[in-house]
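See structure below.
Every read-out reported here was derived from the displayed coordinates using simple, explicitly stated rules and does not represent laboratory data. Not measured: the values here are computed from a predicted model. Positions of Cβ are generated from backbone atoms using ideal geometry, with glycine treated the same way; all protein chains shown enter the neighbour counts.
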Amino acid sequence: MKKVLTIAGSDCSGGAGIQADIKTMTAHKVYAMSVITALTAQNTTGVYGVLDAGADFVGQQMDCVFKDIFPDAVKIGMVSNIETIQMIAAKLKEYHAKNIVVDPVMVSTSGCALMQPDAMDTLISVLLPMGDIITPNIPEAEKLCGFEIKNVEDMKKAAEVIGRNLSGSVLIKGGHLTETADDLLYHDGEFMWYRGERVNNPNTHGTGCTLSSAIASNLALGYDMKTSVQNAKNYITGALKDGLDLGEGSGPLNHCFNL
Ligand SMILES: Nc1ncnc2c1ncn2[C@@H]1O[C@H](COP(=O)(O)OP(=O)(O)O)[C@@H](O)[C@H]1O
Ligand SMILES: Cc1ncc(COP(=O)(O)O)c(N)n1
């Protein structure tokens, strides 16, 4: 069985973070492991509290995982502070982790900050360059490239600017555009569009976490980058189309729609 590790924050309401990641990985029939960076008290309406696990304890969890059940792929989500980011980067290097997917989580779908503002530079300079692929949404890509993204042309420019200093691929997710849900991959100097049917579903809590975990699962299963992104895109579209409607705010997806 292939094994995938998520390094992310816990979402007690089960729609995003570690919980979304484990459900997605399980639906892909890979063995899921988790290193928890922070506990969040959140639900579909907002994030009400964050309790950091602390860099040392994150490092200890990573030691336990990598020394025993070595993952075939690693997905990184919410990492809220500088020390934790540095610890994760050091451990990924120490253990020669492979198939690294970095989702630069900054703000939740409900609009709450999940990363301390002063951690941005460390994320950009230390963690993003370690990714085989990074998966910013449009607001995150805007922060990374420094200009506004209003249309698909801007997405291309942003992908090129963000990818310039990285050896891995950049996937800019188009979920925040209003007409389409097309994602753009910048891979080995080439652009590739993943055209997605825009699903009329306001319940998008955890879409980014789910997509990045689906990519990591596909990489672990041995698919190449382009195929992994396509398979993950098909999975997220299916999970959205299933139309689960839970909670008062932007609800979670049905991760098990295909089982
Ligand atoms: N309404 C929608 N219909 C179809 N796909 C969507 C929709 N909203 C988001 N997606 C897809 O979900 C994935 C996550 O994108 P996005 O919501 O932009 O990320 P994030 O959750 O990080 O903000 C992308 O593949 C995006 O195209
Ligand atoms: C612990 C945690 N991690 C990440 C997100 C972002 O979720 P989304 O996938 O909707 O951007 C979240 N709301 N909570």
- Note on the structure: For the stretch 109-138 the number of residues that are crowded, with 18+ Cβ neighbours inside 10 Å, within 15 Å of ligand 2 (Cβ to nearest atom) and not in a helix (DSSP H, G or I) is 7
- Message: Just to be sure before I move on: is Ser250 farther than 25 Å from Val74 by Cβ and within 16 Å of ligand 2 (Cβ to nearest atom) in the structure I sent?
- Response: yes
- Out of curiosity, is Val65 within 16 Å of ligand 2 (Cβ to nearest atom) and either of a type in the set (S, T, N, Q) or surrounded by 15 or more Cβ atoms within 10 Å (Cβ to Cβ) (or both)? no
- Item | Residue count, the stretch 185-211 (criterion: within 12 Å of ligand 2 (Cβ to nearest atom) and either farther than 14 Å from Ile133 by Cβ or in contact with a helix residue (DSSP H, G or I) (Cβ under 8 Å, 6 or more places away or on another chain) (or both)) | 8
- Would you check which residues across the stretch 235-259 are touching a helix residue (DSSP H, G or I) at 6+ places or on another chain (Cβ under 9 Å) and either of a type outside the set (A, V, I, L, M, F, W, C) or under 17 Å from Gly175 (Cβ atoms) (or both) and list them? Tyr235, Ile236, Ala239, Leu240, Pro252, Leu253, Asn254, His255, Asn258
- Task: Would you check if Val161 is free of Cβ contacts under 8 Å to residues at least 24 places away in the same chain and touching a helix residue (DSSP H, G or I) at 6+ places or on another chain (Cβ under 9 Å)?
- Result: yes
